[in-house]
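Asker: Sharing a structure below in structure tokens format, with a few things to ask.
Every read-out reported here was derived from the displayed coordinates using simple, explicitly stated rules and does not represent laboratory data. Please read all numbers here as calculations on a predicted model, not as lab measurements. Ideal geometry is used to build each Cβ from the backbone, glycine not excepted, and the neighbour counts take in all protein chains shown.
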Amino acid sequence: MISVQEAKEILFKHLPEPKIITVKLEDAVGLVLAEDLAAPLDVPSFDNSAMDGYAFSFEDCQNRLPMVVKYTIPAGTVDLPELQSGEAARIFTGAPIPKGCDTVVMQELTSRKDDFLSIEADTVKKGDHIRKQASQTSMGDQVAQVGWLLKPAMIGFLAGLGFDRVSVFRPPNVTILTSGKELVSPGNPLGFGQVYESSSYTLKAALREMGIPVTSMPIVEDDLVRIQESIETALGNSDILLVTGGISVGDFDFVNQAFKNLGVEQLFYKIRQKPGKPLFAGKRENQLVFGLPGNPGSTLTCFYQYVKPSILKIMGKEAAGEKPQLVSLEGDFQKRLGLTHFVKGLVSNQEVKVLSDQESYKMNAFAQSNCLIEFEETKEMFVKGDLVRVHFLD
Ligand SMILES: Nc1nc2c(c(=O)[nH]1)N[C@H]1C(S)=C(S)[C@@H](COP(=O)(O)OP(=O)(O)OC[C@H]3O[C@@H](n4cnc5c(N)ncnc54)[C@H](O)[C@@H]3O)O[C@H]1N2
Ligand code: MOO
């Protein structure tokens, strides 16, 4: 068996190559840019008014009051007049500044009688309320770089520069295959000896939260031929396959054998960790395959520790990967030497508490937790106040 650290090193060394696609800008939120972008134009692309008011020459306002309001210039005006000395133009926010004007006054600071405009000259400074061409961005400026996460403000910024498509790292397609004769989908009656299938719900939810396209296969019973057929079908159209259950050593655990028969190259099988000891990771060509241990708590722990960071890396979200934080432990905790323990915890008031009900068949503590605490392999006893590694789940 290998350590958590070794497993992660092996896995991250064998991740499929990221794929680059071009998407509509409106579909790019949450994705990572795969290209550097330079501004194709100045923004603003013309001098324009920041206020509803009047445009004029500052010098006239000092010497030639009242001025004559000769033109009206709404936003979107194309044919602009050229103002002569003593003339002003009614202008609105976003409208281009006509020739002969260098200043805008907001209408609240003016008085108007017929076409004559009066301004208190000392309320105005030269250049007021003019948004100059290129005052945000100049043509040719580098505005975004490979690796940047496209958040809503960045999407709007790029739209404002005229981009309608961008190149991004493609999110991998993930397929979930649940195995186990005892499993019944929620919504159906439960017979004796049966359990509701919950892990596909957990995994699908976690993947959807990440914006990953997910397909769920029908539950497959514990039969080598059936499992093999289902895995083969699932591999047909996925970049990452998650099989849950059937990966341990029981007489009805066929997933490992099925992987072998289908030519999946094993990266590792079994890790010195609890829960999730029988985790399997493998590759077939450019596809990544996980055999997630069936206990629902193990499945989700392995997802958070191994699958999610892999997906983030494939999507170019390197920086968003694994970053545990050190938090003070609220009480003592004892564990077995020789295994890393991932423990459901709750961080509040700068402390982390170990929740009860840690067994991997239970989901009640997981449902209440906001983090996994990683207690290292080489230590047995942790005491109140120790700084421990916390992986937040949000
Ligand atoms: N002799 C040994 N037995 C077991 C070992 C071991 O090392 N030696 N490891 C144990 C550990 S740890 C785990 S974890 C489990 C993993 O077993 P499998 O991956 O083969 O999973 P199953 O046997 O199919 O199921 C385990 C358990 O989880 C329930 N389950 C499975 N899938 C789902 C699902 N989609 N939704 C809800 N519940 C699910 C299933 O009913 C079983 O109760 O092996 C231990 N045994
Ligand atoms: O490791 Mo198993 O995942 O303990 O239940």
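Asker: Given the range 325-392, what count of lysine pairs have C-alpha atoms under 17 Å apart, with each pair 8 or more places apart or on different chains? Walk me through the numbers on the way to the answer.
Answerer: On the way: Lys335/Lys344; Lys335/Lys353; Lys335/Lys379; Lys335/Lys384; Lys344/Lys353; Lys344/Lys362; Lys344/Lys384; Lys353/Lys384.
Count of close lysine pairs: 8.
Asker: Same structure, new question: So what's the net charge close to Ile21: Lys and Arg +1, Asp and Glu -1, counting the other residues with Cβ under 12 Å from its Cβ?
Answerer: Values: positive: Lys19, Lys24, Arg165, Arg170; negative: Asp27, Glu35.
The answer is +2.
Asker: At Ile10 and Ser111, where each label point lies 7 Å from the Cα along Cα→Cβ, what is the point-to-point distance in nanometres?
Answerer: 8.6 nm
Asker: Here is a further query. Separation between the Arg284 and Val225 pseudo-spin-labels, each 7 Å from Cα along Cα→Cβ, expressed in nm?
Answerer: Using points 7 Å along Cα→Cβ, the separation is 1.8 nm.
Asker: Still on this structure, please answer the following. Can you compute the modelled spin-label distance between Glu59 and Leu387, with each label point 7 Å from Cα toward Cβ, in nm?
Answerer: A separation of 6.6 nm, rounded to one decimal place.
Asker: Give me the net charge of Lys353's neighbourhood, meaning all other residues with Cβ under 14 Å from the Cβ of Lys353; Lys, Arg count +1, Asp, Glu -1.
Answerer: With Lys, Arg at +1 and Asp, Glu at -1, the neighbours total -3.
Asker: Moving on. Enter the Cα centre distance for the pair the range 265-284 and the range 32-90, rounded to the nearest angstrom.
Answerer: Answer, in whole Å: 66.
Asker: Would you mind telling me which residue in Val225, Val354, Val68 has the biggest mean-square fluctuation in a Gaussian network model of the chain, where springs connect alpha carbons within a distance under 10 angstrom?
Answerer: Result for the chain, Cα springs under 10 Å: Val68 fluctuates most.
Asker: Hey, with R₀ at 25 Å, roughly what FRET efficiency would Leu262 and Met1 work out to, going by the Cβ-Cβ distance, to 0.05? Don't jump to the answer; show the numbers that get you there.
Answerer: On the way: r = 24 Å, r/R0 = 0.96.
Working from the Cβ atoms, E equals 0.55.
Asker: Report the FRET efficiency, 1/(1 + (r/R0)^6), for Glu209 and Thr72, where r is their Cβ-Cβ distance and R0 is 56 Å, rounded to 0.05.
Answerer: Numbers: r = 52 Å, r/R0 = 0.92.
That pair, Glu209 with Thr72, gives E of 0.60.
Asker: Mind ordering 54-60, 358-364, 284-290 by average Cβ neighbours within 10 Å, highest first? Spell out each step's value before the answer.
Answerer: On the way: 54-60: 22.1, 358-364: 14.9, 284-290: 18.1.
In decreasing order of mean packing, 54-60, 358-364, 284-290 become 54-60, 284-290, 358-364.
Asker: What does the charge add up to near Ile271, with Lys and Arg as +1, Asp and Glu as -1, over the other residues with Cβ less than 9 Å from its Cβ? Don't skip to the end; give the middle numbers.
Answerer: Details: positive: Lys270, Arg272, Lys277; negative: Glu6.
Taking every other residue near Ile271 into account, the sum is +2.
Asker: Using 0.36 nm per residue of separation minus the Cα-Cα distance, give me the extension gain between Asn237 and Asn173 in nm, one decimal. Show your work: numbers first, answer last.
Answerer: Numbers: separation 64, 0.36 × 64 = 23.04 nm, distance 0.77 nm.
Fully extending the segment from Asn237 to Asn173 adds 22.3 nm.
Asker: Another question, if that's okay. Taking the chain as a Gaussian network, where each spring joins two C-alpha atoms under 10 Å apart, which residue of Leu300, Leu339, Leu80 fluctuates the most?
Answerer: Leu80
Asker: Under 12 Å from a label point 7 Å along Cα→Cβ of Glu182: give me every residue in the range 321-361 with its amide N that close.
Answerer: 361
Asker: Let me ask something else. Can you pull the Kirkwood radius for the chain, inverse mean 1/r over Cα pairs, to one decimal in Å?
Answerer: Working: mean 1/r = 0.0390 Å⁻¹.
The Cα-based Kirkwood calculation yields 25.6 Å.
Asker: Evaluate the relative contact order of the chain (contact order divided by residue number), counting alpha-carbon pairs under 8 angstrom at least 6 apart; express in whole percent.
Answerer: On the way: 868 pairs, mean separation 62.3, N = 394.
Contact order relative to length: 16 percent.
Asker: If the cut-off is 22 Å between C-alpha atoms, which lysines fall inside it for Lys13, apart from same-chain ones fewer than 8 positions away?
Answerer: Within the straight-line cut-off, Lys13 pairs with Lys260, Lys270, Lys277, Lys283, Lys308, Lys313, Lys317, Lys323.
Asker: In the chain, what % of DSSP beta bridges are antiparallel (nearest 5)? Please report the intermediate quantities before stating the final value.
Answerer: Numbers: 54 of 81 bridges.
Taking every DSSP beta bridge within the chain, about 65 percent pair in antiparallel fashion.
Asker: Subtracting the Cα-Cα distance from 0.36 nm times the residue separation, let me have the gained length for Phe252 to Asp141 in nm, one decimal. All intermediate terms of the calculation are to be shown ahead of the outcome.
Answerer: Values: separation 111, 0.36 × 111 = 39.96 nm, distance 6.15 nm.
Gain on extension, Phe252 to Asp141, equals 33.8 nm.
Asker: Taking only pairs that are 8 or more places apart or on different chains, how many Lys pairs in the range 16-142 have Cα atoms under 19 angstrom apart?
Answerer: 5
Asker: Sticking with this one: Relative contact order (percent) for the range 33-107, with alpha-carbon contacts under 8 angstrom and 6 or more residues of separation?
Answerer: On the way: 141 pairs, mean separation 31.9, N = 75.
Relative contact order of the range 33-107: 43 percent.
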